[in-house]
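The next block holds one structure in the form of structure tokens; read it before the comments.
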Amino acid sequence: MTLAARRRSLARAIVLDRALEALPLFRLSDSSDDAAIAFAPDGGGRWRVLPSPGDRLPGTFDQDVYVELLHRYHELGRPADGAVTFTLHAFLRSMGRKADGRTYEQLRAALARLERTTLESAGAYYSAASGTTLDGQFTLLGAVSIDRRRLTDRDQLALFPALAAGEPGEARVVISPTVRANLEAGHTVTLSAARYRELSSPVARRLYRLLEVAREGGDGGPPTARSVAWRVSLERLAEQLPLSQRYPSHLQRVLQPAHEMLVSAGLVRDAVFRQEKRAWYVDYALATRAG
């Protein structure tokens with residue numbers, strides 16, 4: 001592969017930690033809910049997402065920030081120190097967001113939240129480096145620093161008083177060593193950056209990530225055979241996404257538009273709700289992955 005082709009391939013790919021993708025992490029709303037997320041994987045153990053005191057759990061905007069961070073980390077060739085640097089303006093534009101005072105503050109808050117939210121695994125998160133599940137706590141980001149005024153621009157700010165307060169600045173973010181270890185070990189799922197950004201629904205984006213875990217074997221544990229179909233109970237899917245709705249009819253109303261987006265984007269061939277006795281399931285037929 002030529003250097004130019006390799007760069008194009010990196011730009012198209014989002015590579016994520018498969019063990020983490022199998023676990024619920026982001027609320028699929030940006031409500032002020034500060035209750036912990038709790039989840040018990042099929043293989044045993046317990047997983048919790050604990051908000052920082054005084055803050056809420058990560059939500060839909062944070063989900064997209066996380067994905068963009070991992071996209072940039074991969075695009076940079078996975079720096080040994082885990083550091084990713086960017087201007088807030090360029091980062092928001094890459095996410096497809098308007099860059100203004102409100103979104104700058106949203107991004108700053110999201111980065112701080114991802115650094116401070118505690119992820120707690122009691123035999124739930126699989127560490128590919130050790131070949132065992134983790135008992136302990138970690139965070140998504142090891143460090144976040146934001147310089148509100150880029151050093152190269154400081155001398156010019158006096159000429160533009162209107163920009164002084166709202167200048168977006170430059171960030172340096174370090175990806176957690178725990179997550180980096182799984183990425184280095186190849187315990188990953190890969191998304192198409194273009195297709196992820198085409199999905200306008202946070203639920204569809206989360207489903208896309210979870211379906212790629214299913215493609216690699218159905219959970220975040222040790223490698224298994226790839227799959228082209230996934231059956232999951234509706235109740236289990238609600239816990240894994242996670243969704244707050246619990247009644248089957250309510251869950252179907254939330255999931256159906258996301259399913260239609262995924263089919264339209266060519267990411268799944270079909271998604272069908274089925275009832276067997278008193279239990280509801282979803283059957284996904286995964287589309288052939290391009291490339």
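Observations
- Close contacts from the stretch 84-95, counting a first residue that is of a type in the set (Ser, Thr, Tyr) and a second that is at pLDDT 95 or above and assigned to a helix (DSSP H, G or I), with Cβ to Cβ under 7 Å and a gap of 6+ residues or different chains, come to SER94/GLU68.
- Segments classed as strands (runs of 3 or more DSSP E), wholly inside the stretch 185-291, with at least 1 members that are basic (Lys, Arg), out of contact with any Pro (no Cβ under 6 Å at 6 or more places or on another chain) and under 22 Å from PHE39 (Cβ atoms): 229-233
- Residue within the stretch 179-191 that is in contact with a strand residue (DSSP E or B) (Cβ under 6 Å, 6 or more places away or on another chain), under 18 Å from GLY43 (Cβ atoms) and either exposed (fewer than 13 other Cβ atoms within 10 Å of the Cβ) or of a type in the set (S, T, N, Q) (or both) present: yes
- From the list LEU237, LEU255, the one residue that fits, being at pLDDT 95 or above and closer than 14 Å to ALA22 by Cα, is LEU237.
- Residue ID - nearest to ILE37 (Cα to Cα), chosen from residues in the stretch 79-132 that are exposed (fewer than 14 other Cβ atoms within 10 Å of the Cβ) and among the basic types (Lys, Arg): ARG102
- Test: LEU114 is touching a Ser or Thr at 6+ places or on another chain (Cβ under 8 Å), touching a residue at least 40 places away in the same chain (Cβ under 8 Å) and not in a helix (DSSP H, G or I): no
- Residue in the stretch 217-225 that is surrounded by fewer than 20 Cβ atoms within 10 Å (Cβ to Cβ), among the hydrophobic types (A, V, I, L, M, F, W, C) and at pLDDT below 95 present: yes
To keep it simple, each residue is scored yes or no on (1) surrounded by 22 or more Cβ atoms within 10 Å (Cβ to Cβ); (2) at pLDDT below 95; (3) of a type outside the set (Gly, Ala, Ser).
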| residue | (1), (2), (3) |
| --- | --- |
| VAL15 | no, no, yes |
| PHE26 | yes, no, yes |
| SER29 | no, yes, no |
| ASP33 | no, yes, yes |
| PHE39 | no, no, yes |
| GLY44 | no, yes, no |
| LEU50 | no, no, yes |
| ARG56 | no, yes, yes |
| PHE61 | no, no, yes |
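- Test: residue in the stretch 269-291 that is out of contact with any helix residue (DSSP H, G or I) (no Cβ under 6 Å at 6 or more places or on another chain), of a type in the set (Asp, Glu), in contact (Cβ under 8 Å) with a residue 12 or more places away in the chain and surrounded by 14 or more Cβ atoms within 10 Å (Cβ to Cβ): no
- Selection count where residues are closer than 17 Å to PHE138 by Cβ and of a type outside the set (D, E, K, R), scope the stretch 169-203: 12
- Residues of the stretch 48-69 that turn out to be assigned to a loop (DSSP other than H, G, I, E, B) and of a type in the set (Asp, Glu), as a count: 1
The values are calculated or read from the model by the stated rules, or taken from the named source; none is laboratory data. Everything numeric in this text was worked out from a predicted model, so none of it was measured. Backbone-built Cβ (ideal geometry, glycine too); neighbour counts: all protein chains shown.
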